[in-house]
Amino acid sequence: MFVKPIEFKAKVKSIINLVPSIFEYKFEVLDLDFEYKAGQFAMMIFDSLIDDSKNVSRAYSISSKPNSKEFELCVEIIEGGQAGTYFSALTEGQIVDFKGPFGMCYIKPENQNDLIMIATGTGIAPIKSIVDDLIAKGDKRKIEILFGVRYEENIFYQDLLDSYSKHENINARITLSKPSEDWNGLKGRVTSHLDEFNWENKDLYICGNGAMIREVRQFGLDQGLDKKQIHLEIFDS
Ligand SMILES: Cc1cc2nc3c(=O)[nH]c(=O)nc-3n(C[C@H](O)[C@H](O)[C@H](O)COP(=O)(O)OP(=O)(O)OC[C@H]3O[C@@H](n4cnc5c(N)ncnc54)[C@H](O)[C@@H]3O)c2cc1C
C-alpha cells in the first residue's frame, strides 16, 4: 500500500560514532506518526551551514525497522558536504525537518522469495531495516548478506551481522577490498564473491555506490533474475 509522504519534525535522541566518519543517529518523531516500510528512505531538509542555501534536502535510508514514533539513520559524514556539515553540528535534543517516506526498495507482502542482499558502506542501512523487520516478524526465508568495506578500521555493525548469522536462515558476511595481511576473513570487492551464491529464485537487494550496484545488477540479470526481482538504492549518481 502506497503511503503518501508527509513533512514532519524529529528530535535527535542519540548519536553514536560507529567508526571514523560513520554515525548512527536515532530520532524521535514529534507530534504525529511516521509510517514507513522497511527499506524506504526519508529526505532531511535543512538550511545550509556553508552558504545561504535554504531548504537543502538529502536522502537517507532508514536503518531501523518500522516504528511510527522513532527511526535511525546510518550516515557517512562527507567532509565539506552540505549535509555532512549539518550532521557534524547536530547535537542531542535538536529538532530536524524531514519528509518521507520514499523509495521502492522494500519487500512486497506477497513476495516470499529468498534473498541475496549486497551492500557497501552505509548501503547496509536499508538492508538492516529489512532484515530487522523480517526477524521481528518471525519470517524464516533464507537470507544471504554480503557487506563490503575497504579496511578493517571501516568495519561497523560486525556484532549485528554476527547476531544475524546466529539465525539458521541467515548468513551474513563481510568482505574487505583492501585488507591488511592479518585479515583472515573474506577478501576482495563484493563483486568478486557473486559466483558463490545460488541465484535460483532469489530476490536481489543492492545498496550503496552506483558503480558497484550496476555491476551486481548485471550479474543478477546474467544469472536469469527478472528485473522485478532486483531492488536497488543508489546513494550516489
Ligand atoms: C535514496 C538515497 C538514500 C541515501 N541513503 C544514505 C544513507 O543511508 N546514508 C548515507 O550516508 N548516505 C545516504 N545517501 C547519500 C546522501 O543523500 C548524500 O548524498 C550524502 O550524505 C552526501 O551529502 P552532502 O550534502 O554531505 O554532500 P554534498 O554537498 O552533496 O557533496 C559534497 C561533495 O562530496 C561528494 N560526495 C557526495 N556523496 C559522496 C559519497 N557518498 N562519497 C564520497 N563523496 C561524496 C560530492 O560529489 C561533492 O563533491 C543516500 C542517497 C540517496 C539518493
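Restricting attention to the stretch 39-46, does a residue exist that is loosely packed, with under 15 Cβ neighbours inside 10 Å and at pLDDT 95 or above?
no
Here Ile50 passes the criteria (1) part of a loop (DSSP other than H, G, I, E, B); (2) at pLDDT 95 or above; (3) away from the ligand (no atom under 16 Å from the Cβ) except the one numbered (3).
Listed here are the residues, each with its yes/no results for (1) at pLDDT below 95; (2) within 9 Å of the ligand (Cβ to nearest atom); (3) more than 30 Å from Glu215 (Cα to Cα).
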position	(1), (2), (3)
Lys26	no, no, yes
Phe98	no, no, yes
Gly103	no, yes, no
Thr120	no, no, no
Leu134	no, no, no
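For the stretch 33-47, filtered to residues that are more than 13 Å from the ligand (Cβ to nearest atom) and acidic (Asp, Glu), the residue that is farthest from Tyr205 (Cα to Cα) is Asp33. When Lys108 is tested against (1) in contact with a helix residue (DSSP H, G or I) (Cβ under 6 Å, 6 or more places away or on another chain); (2) in a loop (DSSP other than H, G, I, E, B); (3) closer than 30 Å to Asp203 by Cβ, exactly one condition is not met: (1). Could you grab me the full set of residues in the stretch 203-214 that are farther than 12 Å from Gly121 by Cα and surrounded by 16 or more Cβ atoms within 10 Å (Cβ to Cβ)? Once the filter is applied, which keeps residues that are farther than 12 Å from Gly121 by Cα and surrounded by 16 or more Cβ atoms within 10 Å (Cβ to Cβ), the stretch 203-214 yields Asp203, Leu204, Tyr205, Ile213.
Looking at the structure I just gave you, is Asp236 under 29 Å from Pro101 (Cβ atoms) and either assigned to a helix (DSSP H, G or I) or within 16 Å of the ligand (Cβ to nearest atom) (or both)? Working first, answer last.
Values: under 29 Å from Pro101 (Cβ atoms): yes; either assigned to a helix (DSSP H, G or I) or within 16 Å of the ligand (Cβ to nearest atom) (or both): yes.
Yes; evaluated as a whole, the condition is true for this residue.
Apart from one condition, Leu30 fits all of (1) more than 19 Å from Val131 (Cα to Cα); (2) within 13 Å of the ligand (Cβ to nearest atom); (3) of a type in the set (A, V, I, L, M); the exception is (2). So, Asn201, is that one in contact with a Pro (Cβ under 9 Å, 6 or more places away or on another chain), modelled with pLDDT under 95 and not β-branched (Val, Ile, Thr) or not? When the stated conditions are applied, Asn201 does not pass them. Residues in the stretch 183-213 that are over 17 Å from the mean Cα position of the chain (by Cα) and part of a helix (DSSP H, G or I): Thr191, Ser192, His193, Leu194, Asp195, Glu196.
Thr85 meets all of the listed conditions (1) within 16 Å of the ligand (Cβ to nearest atom); (2) under 20 Å from Leu30 (Cβ atoms); (3) surrounded by 14 or more Cβ atoms within 10 Å (Cβ to Cβ) but one, namely (2). Screening Ile143, Ile107 for residues that are outside the structural domain of Asp159 (by TED's automatic domain parsing), farther than 20 Å from Ser48 by Cβ and surrounded by 15 or more Cβ atoms within 10 Å (Cβ to Cβ) leaves exactly one candidate, Ile107. Scanning the stretch 169-214 for residues being small (Gly, Ala, Ser), farther than 23 Å from Gly39 by Cα and in contact with a helix residue (DSSP H, G or I) (Cβ under 7 Å, 6 or more places away or on another chain) gives a total of 1. Taken over the stretch 1-27, the criterion of being under 13 Å from Tyr157 (Cα atoms) and surrounded by 14 or more Cβ atoms within 10 Å (Cβ to Cβ) is satisfied by Leu18, Val19, Ile22, Phe23, Glu24. With the condition kept exactly as written, say whether any residue in the stretch 58-70 is within 11 Å of the ligand (Cβ to nearest atom), modelled with pLDDT of 95 or more, in contact with a helix residue (DSSP H, G or I) (Cβ under 9 Å, 6 or more places away or on another chain) and among the aromatic types (Phe, Trp, Tyr). Looking through the stretch 58-70, at least one residue is within 11 Å of the ligand (Cβ to nearest atom), modelled with pLDDT of 95 or more, in contact with a helix residue (DSSP H, G or I) (Cβ under 9 Å, 6 or more places away or on another chain) and among the aromatic types (Phe, Trp, Tyr).
Can you find a residue that is in contact (Cβ under 8 Å) with a residue 40 or more places away in the chain and within 9 Å of the ligand (Cβ to nearest atom) anywhere in the stretch 4-19? No, the stretch 4-19 contains no residue that is in contact (Cβ under 8 Å) with a residue 40 or more places away in the chain and within 9 Å of the ligand (Cβ to nearest atom).
The values are calculated or read from the model by the stated rules, or taken from the named source; none is laboratory data. Please read these numbers as outputs of a predicted model, since none were measured by experiment. No Cβ is skipped: glycine too gets one built from the backbone with ideal geometry, and neighbour counts run over all protein chains shown.
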